[in-house]
Every structure is written in C-alpha cells, then in structure tokens.
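J.: The structure is given below, and queries will be raised subsequently.
Here, each number is a calculation from the coordinates, and none is a lab measurement. Model, not experiment: these values are computed from the prediction. Virtual Cβ from ideal backbone geometry, glycine too; neighbours counted across all protein chains shown.
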Amino acid sequence: KQEVTQIPAALSVPEGENLVLNCSFTDSAIYNLQWFRQDPGKGLTSLLLIQSSQREQTSGRLNASLDKSSGRSTLYIAASQPGDSATYLCAVANFGNEKLTFGTGTRLTIIP
Amino acid sequence: ETGVTQSPTHLIKTRGQQVTLRCSSQSGHNTVSWYQQALGQGPQFIFQYYREEENGRGNFPPRFSGLQFPNYSSELNVNALELDDSALYLCASSSPGTSGSLGTQYFGPGTRLTVL
C-alpha cells in the first residue's frame with residue numbers, strides 16, 4: 001500500500017527566500033508524481049508533473065525533482081512571494097493503479 | 001476547451017439525508033475520479049469511472065455510489081449522511097495513460113458538504 005508523507009506540515013519564511021518542500025513515498029513503482037497547490041477552501045491546481053522516467057521538471061520559479069530509488073521528491077520555490085502562500089500537496093500514481101495517493105500537505109506562509 | 005466543473009459549490013444537509021454531487025469532465029476526457037478531502041487532510045480516493053463503469057474503489061462504504069453518463073459527466077451519491085461525511089468533495093477528469101495507468105488528472109473546484 002502506497003503511503004505519502006510530507007514534512008514539515010507547516011512552514012513560514014520571509015518573502016524573497018528560496019525554500020524546499022519535501023515529499024516521500026513508500027512504493028517506488030510509481031507512474032508519475034504530481035505537485036498541487038491548494039488555496040483555502042478551494043480545489044487543486046496542478047503545478048508540476050514528473051513522469052517516472054524523469055528526474056526533474058521546471059516551471060518558472062518552481063522546480064520539482066524525483067528520486068525514485070530513495071522514494072523522495074522535492075519542490076523548490078525560488079524568490080518566494082506572498083502570493084505563494086497556500087497548501088502544497090504531492091500525489092503519486094502507481095503503475096496499473098486507478099488512483100492518486102496524496103500526502104497531507106505542507107501549509108506555506110510567506111511573510112511580507 | 002472547458003475545464004472540470006462541479007455543482008453545487010456548497011451544500012448543507014442533516015444526518016440521515018441523501019446528497020447528489022455533480023461533475024462535468026474536461027472536454028475529451030473519458031475518466032472521472034472522485035476524492036473526499038476532510039479538513040487538514042489530503043484527498044482520499046473514493047472511486048473512478050471509465051466509460052460508464054466503475055473502475056476502482058477506495059475504502060469507502062457502499063452508501064457512497066456513483067454514475068457516469070454517456071457524455072462522461074458523473075454523479076456522486078451519498079446515502080444516510082453522517083457527520084464525518086462533512087468534507088470537500090473533489091472531482092478529477094483524465095484520459096487513460098499508458099499500460100492502463102492513470103493519465104494526468106485535472107481537478108474541479110470542489111463541493112463543500114456540511115452535515116449537521
């Protein structure tokens with residue numbers, strides 16, 4: 001059974017700093033890993049998707065890496081802004097599986 | 001091309017009642033998945049529909065049921081509501097990936113259900 005863990009549960013950093021969010025998973029037979037952003041009471045916005053054959057993906061100030069052998073992914077946010085404040089969720093899809101397994105998220109607060 | 005839409009946005013019910021939530025999938029997608037997200041938790045998989053058939057189910061009781069229609073829109077029905085059913089219900093649409101695995105999922109805005 002796939003289990004996904006995100007640490008820390010909450011993080012506060014001053015505006016302008018670079019930061020890293022962590023995600024770990026127990027079953028390395030993944031098809032892909034996806035990072036989502038969720039604003040309070042809202043749905044999920046996909047940020048980056050990494051296929052199992054890839055090591056990283058980049059979009060603007062965001063960079064996600066994947067290390068299947070160690071069961072880890074990181075989301076790097078450069079030059080943080082107050083608008084980056086949200087909960088960040090990672091989710092994995094396993095081969096031959098019909099569902100995404102989510103972590104519980106990291107609640108990020110950027111302090112102006 | 002329209003995204004995934006869900007209705008209603010918010011809903012308040014009392015214990016024991018029944019509720020139906022609706023989801024319209026993104027154009028070209030034939031697979032719809034439903035997730036329940038309790039406050040402070042990650043979304044939990046309820047079930048998935050592919051071409052009008054249930055294609056996998058999470059650890060939810062039979063009072064959670066669903067339908068998918070020929071236009072690939074979907075309904076989630078919950079009978080005999082309990083207080084713990086209060087949550088954000090998310091719908092996601094996708095096309096199947098390779099090797100029968102999950103394609104990229106696109107999420108709707110969710111329906112907030114409150115059970116009193």
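J.: Give me the distance between the Cα centres of the stretch B:63-87 and the stretch A:36-112, rounded to whole Å.
T.: Centre-to-centre distance over Cα atoms comes out at 28 Å.
J.: Moving on to the next point. On a straight-distance basis, which lysines could pair with B:K13 in a cross-link, Cα separation under 23 angstrom, same-chain partners fewer than 8 positions away excluded?
T.: Counting by Cα, and skipping residues close in sequence, B:K13 has these lysines nearby: A:K42.
J.: Less than 13 Å Cβ to Cβ from A:N18, Lys/Arg counted +1 and Asp/Glu -1: what total charge do the surrounding residues give? Don't skip to the answer; put the middle values down first.
T.: Numbers: positive: A:R61; negative: A:E15, A:E17, A:D84.
Its environment carries a net charge of -2.
J.: For the pair B:Q18/A:Q51, report the inter-label distance in nm, with labels modelled 7 Å from Cα in the Cβ direction.
T.: 4.4 nm
J.: Gaussian network model of chain A, Cα springs within a sub-10 Å range: biggest mean-square fluctuation belongs to which of A:R72, A:R61, A:R37?
T.: A:R61
J.: Name the residue, out of A:L49, A:L19, A:L89, whose mean-square fluctuation peaks in a Gaussian network model built on chain A with Cα pairs under 10 Å.
T.: A:L19
J.: Can I ask one more? For A:K68, go through the aspartates and glutamates and keep the ones whose alpha-carbon is under 17 Å away, minus same-chain ones fewer than eight residues off.
T.: A:E3, A:D27, A:E56
J.: Please list A:100-112, A:6-18 highest first by mean number of surrounding beta-carbon atoms within 10 Å per residue.
T.: A:100-112, A:6-18
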